[in-house]
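Heads up, the thing below is written out as structure tokens.
The values are calculated or read from the model by the stated rules, or taken from the named source; none is laboratory data. Because the structure is predicted, anything quoted here is derived from the model rather than measured. FYI the Cβ positions are ideal-geometry reconstructions off the backbone, even for glycines, and counts take in every protein chain you see.
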Amino acid sequence: MWNPRPVGTDTKGNMSSTDWVETLDLGEIAEMPAAGSDALTLVDGSRVAVIGGGPAGSIFSYFLLEMATRVGLELNVDIIEPRDFERPAPIGCNMCGGIISESLVQNLATEGINLPGKVVQRGIDSYMLHMDVGSVRIATPLQEMRIGAVTRGPGPRDVKEMKWESFDHHLLKRSIEAGAKVVQGRVDHVDWTDGRPQVRTKGNLPETYDLVAVAMGVNSPGLKLFETLGLGYERPSSTKTLIREYYLGEEVINRTLGSSMHVFLLDIPRLEFAAIIPKGDYVSMCLLGEDIDNALVEEFVNTPEVQGCMPPEWKADARSCQCMPRIAVQGVKKPFADRVVFIGDCGVTRLYKDGIGAAYRTSKAAARTAVFEGISEEAFRQGYLPACRTIANDNLIGKVTFLATRVIQKTRFARRAVLRMTKKEQQKEGHRRRMSSVLWDMFSGSAPYKDIFLRTLHPAFLGGLSWSLLTSVIPASKKKKTEGAKK
Amino acid sequence: MSGGALGKVYQDGEIIVRQGDHGESMFVIQAGQVEVVAEREGEETLLRVAQAGELLGEMAIFEKQPRSATLRALGEAKVLTIDKKNFMRRINEDPTIAFRILETMSHRVRELSNEIVRLKAEK
Ligand SMILES: Cc1cc2nc3c(=O)[nH]c(=O)nc-3n(C[C@H](O)[C@H](O)[C@H](O)COP(=O)(O)OP(=O)(O)OC[C@H]3O[C@@H](n4cnc5c(N)ncnc54)[C@H](O)[C@@H]3O)c2cc1C
């Protein structure tokens, strides 16, 4: 029996205020099933446990049941989820910026999952890039709302009117319609019995399943249950972020932030990336960086760039809520074993962008494998691992592109060059907008990092950038000279 | 208008794509209705009226042929464009994304077969 100090308690065992307090009890680990067995397939009546009803869990369940129906297979799927996505405040929210990328919007629509107006609080048709050297609006060439701004819960603690449906609730509903059953509760114990996984939801008796899909994200201490099971699983490395929600009201948002996502490339130490995303009545502020703390947030909110895009009456400390969730930065090497598969954030996700899009891709690949290829470690290696590898390999290129962004963030003349080139492109109709499309895809996460990187190697892009860099450096050095001459 | 917040709004009678155009995208209706119209020697034939949630213009994604029909908003409609590049990238990674398109196409073949039978019976 293994009984660690519950996460979220201090050394004396006192509970902290975190939502995530839970007592982990792993019990005796029984015999593991043999790897690669041919018998490891789903059959009529097979039981599947999906731990976590966030995007990964719901999408997995939906496609598992949809594909099983196509091949005439009857499955019993239980989604185990402690949150209630119909309740405002942290109990109903899976903490995120809420941007549904262009590619995910399109993929879901092609799959028949259209996001209704009650879920998409605002269609986003442009990005506003703010730097100390100026701001530029990058619009979609089609003048179309191609990105969705949603919230993961129905609203923050102080929500005035429950106008919107949570994105996670919408997806969960779709999986229930497809035949999944939701068990409200938190999994606190996992074991093996007769070569099958056994899952216990807090306060209930353990249940035996044929397959367990783990979709717990990276913000749950419950992942420990699997780290000590002997599957070779280690949770992804992650870093702390910050999200704040502000109430501004729909009319004020329309007038100020509009239908643009506001992205900030500011030379603030420890700040990697910041965005302000307009929703229905609220705006979300997301900060990514090193050791995010109040001092960093204060510095950011007081910059003229932030003050300039928020309404004049806005007060940075008048927030509706704040959370500091972790974001995965390095995926898991082997997100599967016999009868167990790790999907979404707790498996492999995209670096910094389009995490929900990655959850859709990994969850569907896992569901497809389970239905068509089996549930053995070998089946997941063949059918599931390639989808994870594609994302993980692309993240390596992503790291290089983010490094380049960091250089721009730190170098004033580079920022000026980016601004100049983008502004010029946005003013000209009918021309290839090379810098704009690179920035658009970097911010929106709509294209693989490899695609973006290759586009930056195009001679026309390099030529345009070199020219802009040159024209950004020359005036500065000329100015210095004249200043020097005056002295 | 009610319905999705995504896509582009087309006013009543506004053309989404025209027959004969080169196509690099397909469409999913987010709200409202869209007429599918074939034009021949200056005459229009209404093929059908597509509803919210329907996929349209998928033939242009698979064939290098000009659009076979005009898509026109019937009343105000909201339509989302699906890029060929994004779709092809995804189909390469996950061919099952085409299940629904195959379903749509087979449904249309069935409708057309019924139409031929009906026309032959009328003769
Ligand atoms: C600051 C920030 C901003 C982001 N912005 C965006 C964005 O704009 N767009 C985007 O696409 N992605 C964004 N992401 C990433 C996105 O949030 C994740 O990629 C996405 O939520 C992953 O989905 P998931 O289902 O894997 O995990 P989660 O959404 O974390 O869901 C995990 C689920 O598991 C449940 N769970 C946990 N423990 C247990 C247990 N013991 N038993 C049962 N259930 C349990 C939880 O309650 C939760 O519902 C952002 C992330 C951060 C941190």
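Here are the numbers for the structure shown:
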| read-out | value |
| --- | --- |
| Cβ pairs under 8 Å, 6+ apart, first in the range A:39-51 and over 26 Å from A:Val218 (Cβ atoms), second crowded, with 18+ Cβ neighbours inside 10 Å and aromatic (Phe, Trp, Tyr) | A:Arg47/A:Tyr209 |
| Residue selected from the range B:33-70 under the condition under 19 Å from A:Thr110 (Cβ atoms) and in a strand (DSSP E or B), by the criterion nearest to the other protein chains (Cβ to nearest Cβ) | B:Leu55 |
| Unique match (being in contact (Cβ under 8 Å) with a residue 12 or more places away in the chain, crowded, with 24+ Cβ neighbours inside 10 Å, more than 14 Å from the ligand (Cβ to nearest atom) and over 27 Å from A:Glu102 (Cα atoms)) among A:Ala370, A:Ala318 | A:Ala370 |
| Residue check for A:Gly280: within 14 Å of another protein chain (Cβ to nearest Cβ), over 24 Å from A:Ile408 (Cβ atoms) and within 16 Å of the ligand (Cβ to nearest atom) | yes |
| Strands (runs of 3 or more DSSP E) within the range A:94-201 that include 1 or more residues more than 13 Å from every other protein chain (Cβ to nearest Cβ) | A:126-131, A:134-139, A:181-184, A:187-193, A:196-201 |
| Scan of the range A:378-405 for residues that are farther than 26 Å from A:Thr239 by Cα and surrounded by 24 or more Cβ atoms within 10 Å (Cβ to Cβ), ordered by number | A:Phe380 |
| Odd one out for A:Pro325 among (1) within 16 Å of the ligand (Cβ to nearest atom); (2) modelled with pLDDT under 95; (3) surrounded by fewer than 21 Cβ atoms within 10 Å (Cβ to Cβ) | (2) |
| Output for the range A:215-261, where each listed residue is acidic (Asp, Glu), within 16 Å of the ligand (Cβ to nearest atom) and assigned to a helix (DSSP H, G or I) | A:Glu227 |
| Filtered residues of the range B:71-112 (kept if assigned to a strand (DSSP E or B), within 12 Å of chain A (Cβ to nearest Cβ) and more than 21 Å from A:Ile147 (Cα to Cα)) | none |
| Criterion violated by B:Phe99 - all others in (1) buried (at least 19 other Cβ atoms within 10 Å of the Cβ); (2) aromatic (Phe, Trp, Tyr); (3) over 16 Å from the mean Cα position of the chain (by Cα) satisfied | (1) |
| Test: residue in the range A:284-300 that is more than 10 Å from the ligand (Cβ to nearest atom), among the β-branched types (Val, Ile, Thr) and closer than 30 Å to A:Gly374 by Cα | no |
| Some residue of the range A:372-389 being of a type in the set (D, E, K, R), under 18 Å from the mean Cα position of the chain (by Cα) and part of a helix (DSSP H, G or I) | yes |
| The listed residue being farther than 25 Å from A:Cys96 by Cα, within 16 Å of the ligand (Cβ to nearest atom) and of a type outside the set (S, T, N, Q), out of A:His170, A:His189 | A:His189 |
| Close pairs from the range A:339-366: first more than 23 Å from A:Thr41 (Cα to Cα), partner of a type in the set (D, E, K, R), Cβ under 6 Å, at least 6 apart | A:Ala358/A:Arg350 |
| Selection status of A:Ile343, farther than 19 Å from A:Ile99 by Cα and either within 13 Å of the ligand (Cβ to nearest atom) or not assigned by TED's automatic domain parsing to the domain that holds A:Phe60 (or both) | yes |
| Of the criteria (1) without any contact (Cβ under 8 Å) to a residue 40 or more places away in the chain; (2) within 17 Å of A:Leu351 (Cα to Cα), which one A:Val400 fails | (1) |
| Enumeration of residues in the range A:436-468 that are within 16 Å of the ligand (Cβ to nearest atom), within 14 Å of chain B (Cβ to nearest Cβ) and among the hydrophobic types (A, V, I, L, M, F, W, C) | A:Trp440, A:Ala447 |
| Test: B:Gln11 is of a type outside the set (A, V, I, L, M, F, W, C) and at the interface with another protein chain (Cβ under 9 Å from one of its Cβ atoms) | no |
| Check on A:Ile397, within 15 Å of the ligand (Cβ to nearest atom) and either over 24 Å from A:Leu439 (Cβ atoms) or modelled with pLDDT of 95 or more (or both) | no |
| Of residues in the range A:59-93 being β-branched (Val, Ile, Thr), assigned to a helix (DSSP H, G or I) and within 14 Å of chain B (Cβ to nearest Cβ), the one farthest from A:Lys118 (Cα to Cα) | A:Thr69 |
